[in-house]
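Below is one structure, written out as C-alpha cells; the observations come after it.
Just so it is clear, none of the values below were taken in a lab; they were calculated from the coordinates. Note that the structure is predicted; figures quoted are calculated from it, not measured. Ideal geometry is used to build each Cβ from the backbone, glycine not excepted, and the neighbour counts take in all protein chains shown.
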C-alpha cells in the first residue's frame, strides 16, 4: 500500500517543471500583479485537463481534482506566486528580464512544484477532493487572508505547503509540529518637528536627531527587555527625512518590523515601542505617532497535519532524510492564516546545491533545481495520505 501511495517524478515531468520555474524566474511579478504568472498556471492546468477558477485575490488560481467522497475529505495544497522588488544580479541564462523585480525567495519553484503535484495527482483515483491553491501576494499584502475571505478554503479540512530553503541539503525535508515561523508586526513611525536653518538648530526641532536616537534605543527592546531565551527581532527597513543639506527636516518617517514567536514577548515589545516613542517625543519636543500594519500570525503546524506531513516525507525521501529546523524561524509566512481555520503543515524543502548562492531576499539568490521533484512528490503524497486518513 505504501508503495502505491508514493508518486514518482520521471525525467520528463522534471524537465517540464524546470521549464516552468525558469520561465517564471525570467518574468517575475510583484504582489497582486502576477497576471502573466496566473496566465501560465492556467495554461499548464488546461494542458493537464484540470478544472480551475481564476481571479482569487485578483490573480490567484484554484484548481480542483477528485470528488466528494463518503467521508467528505478535502485537502488543499498551496503555492505562492509573487516576487520581490530586487534587481537580479545573477549571470545565469534564466535571470530575471524585469528590472528591479526578482524571484528571490523560491516562489517560482513553489509554483512549478504544485503544477508537478497536479500532474502526479491527475493520474490517481482520489479518495476525496484536492484543491490546488496558487496564491498571490505572500510577500506583501497577506494574499492568503484575502483569498480566504473570498472563500478559497471552503470545504477544505486540511492544507499543506512547503518552502524552498537553501540552509538544508537538497533531498531533505524539515518537518516540525508547533510554531515554526514567527509573528510579524510591521510599523510606521512619523515624527513631526519644526524645520529651520542648519546654522541655527536652536530655532528648530530636529526630527532626524530624534529619529536617529529612537532607532538606536529600539534595539534595547530585544537586548535589554526580552528574555534571552526567547527569540525576537526589531528591524528598521526605512528611514526617510529631509530634502536639503542646509535645512533641518520638519518630518521624518521610520518603518520597520517586529518578529516574535511568543505571545507575551510580542505584546511586551509592542508596548515598549509605544513607550519609547512617547519618551523621545517628550525629550526632543517633537510629535510622534505610530501606525501598525496588519499582524502576520505565527505559523503553527497542527499535530494531525504534521503526522501526515512526516509520513509523506518518510515515503518520498526516507526517514534518514527528515530533519528538524530547530527553533522557530523569525521569518513571517501568511500560510498562518490558513492554519487559523483548518489543520495545516508547512515544511521546508532542502535546496542547497553544490554552488553557494546568496541568501533569500538577496540579489544573488538561487536554489538547486533538483529540489523540484522532491517538492512535487511530497505535495502529492501528503494529499493522498490525508485523503485516506493515515497519520504518522
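Work out, step by step, the length gained on full extension between residue 325 and residue 275: first 0.36 nm times the residue separation, then minus their alpha carbon distance; give nm to one decimal. If you can, show how the numbers build up before the last one.
Numbers: separation 50, 0.36 × 50 = 18.00 nm, distance 3.46 nm.
Length gained, residue 325 through residue 275: 14.5 nm.
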Top mean-square fluctuation among 253, 345, 181, Gaussian network model of the chain, C-alpha springs under 10 Å? 253
For the chain, take the longest principal axis of its alpha carbons; what is the angle in degrees between that and the long axis of helix 11-26, to the nearest 10 within 0 to 90? 20 degrees
Highest-MSF residue in the chain out of 13, 30, 40 [GNM, Cα springs under 10 Å]: 40
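So what's the back-of-envelope 222 nm ellipticity for the chain, counting only DSSP H runs of four-plus at -39500 (n - 2.57) apiece and dividing by all residues, rounded to 500?
Details: 11 runs with 130 residues, N = 392.
After summing the helix terms and dividing by residue count, I get -10500 deg cm²/dmol.
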Would you mind checking the tilt of helix 35-47 against the longest principal axis of the Cα atoms of the chain, expressed as 0 to 90 degrees and rounded to 10? 10 degrees
If one computes the Cα centroid of region 211-228 and of region 316-392, what distance in Å separates the two points? 33 Å
Can you bin every Cα-Cα distance in region 293-358 into 10 Å intervals starting at zero and give me the percent of pairs per bin, rounded to whole numbers? 18, 42, 31, 9, 0
Along the Cα→Cβ direction, 7 angstrom out, place labels at residue 12 and residue 68. What is the inter-label distance in nm? 3.6 nm
Using 1/(1 + (r/R0)^6) with R0 = 25 angstrom and r between the beta carbons of residue 216 and residue 140, what's the FRET efficiency to the nearest 0.05? 0.35
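What Kirkwood Rh does region 88-221 have if only Cα atoms enter the pairwise 1/r average? Answer in Å. Write out the running numbers ahead of the final one.
Details: mean 1/r = 0.0485 Å⁻¹.
Computed over Cα pairs of region 88-221, the Kirkwood hydrodynamic radius comes out at 20.6 Å.
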Please give, to one decimal in nm, the separation of the simple spin-label points placed at residue 341 and residue 123, each 7 Å out from Cα toward the Cβ. 3.2 nm
Could you work out how far helix 371-388 tilts from the main Cα principal axis of the chain, as a 0 to 90 degree angle to the nearest 10? 70 degrees
Report the full-extension gain for the segment residue 235 to residue 47: residue separation times 0.36 nm, less the Cα-Cα distance, to one decimal in nm. 63.2 nm
Using alpha carbon centroids, what distance separates region 25-101 and region 126-201, in Å? 16 Å
DSSP bridge orientation in the chain - percent antiparallel, rounded to nearest 5: 65 percent
Go ahead and collect, in residue order, the members of region 14-36 whose backbone nitrogen is under 17 Å from a label point 7 Å along the Cα-Cβ direction of residue 370. 14-15, 18
Checked the chain against the a/c 1.5 cut and the a/b vs b/c comparison, axes a ≥ b ≥ c from its Cα gyration tensor; verdict prolate
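Given N residues in region 183-292, what is Rg(Cα) / (2.2 N^0.38 Å)? Before the final figure, lay out each step's value.
Working: Rg = 14.9 Å, N = 110, 2.2 N^0.38 = 13.1 Å.
Its radius of gyration relative to the 2.2 N^0.38 Å reference: 1.14.
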Can you pull the one-decimal nm distance between simple spin-label points at residue 149 and residue 35, each 7 Å off the Cα toward Cβ? 2.3 nm
